[in-house]
Amino acid sequence: MSDFEFPEYYSFPPFFTIQPVSATRQKQLALWRDLILKYHTANKEKTLVVHDCTLWKNEGIQRELNRDNVRLICEDFVNNGNGEWEDEAKTRIRIMWKKPEELAGDLLAWADRSGFKGQVCTLYELSSGEDSEGASFEGADEELIRRALAILEERGQVAIFKGDTSEEDGVKFF
Amino acid sequence: MAYLTSHFLVFTTGTNTLKSVPLKSIVYEGKESVEAYTSFMGRNPKVKFHVRKSDPVAIVKSGQHTSTSFLDVIDGVIVVKSDLQKTILEKLTQALERKEWKNDDSETSKKRPDEGFKASGAGIGGIIRRKKEKQSVASKQIDEAFDGDLESLMRNAKNVITLATKCKAKLSREDGGGEVDELSKMLEGMGIVGGVTKDSAGDNYTSQLAREINDWLIPTLHNKSKTSSTPIINVTDVYVMYNRARGVDFISPKDLIMGLEHAEKMFKGFKRKDFMGVKCVVGKQFREDIVAAKILNWVEESGKTVDFLSKNLGVNEVMGKCIVEEVEGGGKLVRDEGVEGTKFFKNEFDRFFEQAGIKA
């Protein structure tokens, strides 16, 4: 567990009460989404287990979200495109630290910069290769990259080739 | 030692015997009939009066000279303590003025002459009839007593009422200064004399009632704002307070609401406001931004409950909750539902949102 530095708002008691005033609530929910993303990214956690997340309770100020509010925040998180339900029972969320569309854009930009346009590279190279060092998608979840690539494929900006192993699947940027 | 009752001035003499002078035997033709004076150099303060010799009752000779014996009176003098001289003079004068011995005669004259036994007076019917007659005599006496007292009371009250009405008019026009505050306090304490009723006002009931309500409400709201509390009163409280001021002839809630509507339109001295369903009247002194500022000041340091905020604003809890929720609706407050109840904080979410650099 890395030393995640909790933001100031995490110690603000009203943060744990879902605000009745709409405009205020919008900002509050945005902060919750931000917190969930930052926390899971820092800890390299890809999954959020709804009933077992340490974020819902802050012992220090004796506040915690009730069941309904946890559900509300999770639904909002998923609806905003920051995560996906892993199961039908909605007990686990796959964290998408970047939205697939965003990642797609990043991939294209990278392909342009690093001269991979018109060339084929493997999925592995994309996520952990030398060339992808420093890129925003470095170390990214494979699933996420696939999602992003799927979008690009739909737009006709890449072509995907099946390899022997999934890691060897190839991507050609046009 | 001397004792003064409503009917007698009683003395104990040196030999411990009781002697009395009936007050009706003391000559009284006005305040000058009883004198207070002292001997040389303020010594031996005395109170002097004249007693009619001819009354067939025991008269005490004070031991003084009877130089006035060519008149039909003798001097009665009592030596008093100097600091009590004034009081004794006053009390004796009062007792002489009241002439309470006169009531004895009227009471005895009202006794029914004995009519002898009648058959209709026998049995339970007779008992009931006699009781009823006694009751009607008693209530008649009470009415007469009241009329007498009320008349003089109303006469004196009339002057006060005229003065009070003038003050109220002045108050409605001006707003400020210590004089106005004094006036308001006095007027609120006085209540309402002779409340407007349908009987008294007839066709003008609506406008007269509106005027009366207005004249009472303006000083009340003014006082409330001066005690550094919020000049808001909810209509239910207005109803109670106003009827209490009237004392008798309460008006109905419907009439109060109608009166408030008209008073607001006619005189524009206050506003009717609906705070999230709670109807209330609001004084001119009320400023929403000032109230919001007060609240924000209190929550700056730490979250506060509705109870705390209501008390400090000087409004009841229902009112307080409404005001707080209005300020919350404006985005200035946020709530925290903890174990100890609901507390309100300054809304910091905007600041946090900016700090977090969240993209929309």
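The values are calculated or read from the model by the stated rules, or taken from the named source; none is laboratory data. Remember, predicted model here, so these are calculated numbers, not experimental data. All Cβ positions, glycine included, derive from the backbone under ideal geometry; neighbour counts span all protein chains shown.
Things worth noting here:
- For the range B:303-325, the criterion of being facing chain A (nearest Cβ under 9 Å) and closer than 26 Å to B:LYS273 by Cα is satisfied by at least one residue.
- Residues that are within 46 Å of the chain's Cα centre (by Cα) and in a loop (DSSP other than H, G, I, E, B), drawn from the range B:332-342: B:LYS332, B:GLU340
- Annotation note: of B:ALA263, B:ALA293, the sole residue that is more than 14 Å from every other protein chain (Cβ to nearest Cβ), over 34 Å from the mean Cα position of the chain (by Cα) and either closer than 14 Å to B:THR230 by Cβ or hydrophobic (A, V, I, L, M, F, W, C) (or both) is B:ALA293.
- Any hit, the range A:62-72, residues being touching a Phe, Trp or Tyr at 6+ places or on another chain (Cβ under 6 Å) and free of Cβ contacts under 8 Å to residues at least 40 places away in the same chain: yes
- One residue alone among A:GLU84, A:GLU125 is among the acidic types (Asp, Glu) and at pLDDT 80 or above, and that residue is A:GLU84.
- Conditions (1) more than 10 Å from chain A (Cβ to nearest Cβ); (2) buried (at least 16 other Cβ atoms within 10 Å of the Cβ); number of the one not met by B:ARG335: (1)
- Of residues in the range B:26-83 being among the acidic types (Asp, Glu) and out of contact with any Lys or Arg (no Cβ under 7 Å at 6 or more places or on another chain), the one modelled with the lowest pLDDT: B:ASP55
- Odd one out for A:ALA111 among (1) surrounded by 15 or more Cβ atoms within 10 Å (Cβ to Cβ); (2) assigned by TED's automatic domain parsing to the domain that holds A:LEU55; (3) more than 30 Å from A:PRO14 (Cβ to Cβ); (4) among the aliphatic types (A, V, I, L, M): (2)
- Meets criteria (crowded, with 19+ Cβ neighbours inside 10 Å, of a type in the set (Lys, Arg) and at the interface with chain A (Cβ under 10 Å from one of its Cβ atoms)) for B:ARG351: no
- B:PHE345 within 10 Å of chain A (Cβ to nearest Cβ), buried (at least 16 other Cβ atoms within 10 Å of the Cβ) and either out of contact with any Phe, Trp or Tyr (no Cβ under 9 Å at 6 or more places or on another chain) or in a helix (DSSP H, G or I) (or both): no
- B:GLY121 more than 38 Å from the chain's Cα centre (by Cα) and modelled with pLDDT of 80 or more: no
- When B:VAL278 is tested against (1) free of Cβ contacts under 8 Å to residues at least 12 places away in the same chain; (2) assigned by TED's automatic domain parsing to the domain that holds B:HIS222, only condition (1) is not met.
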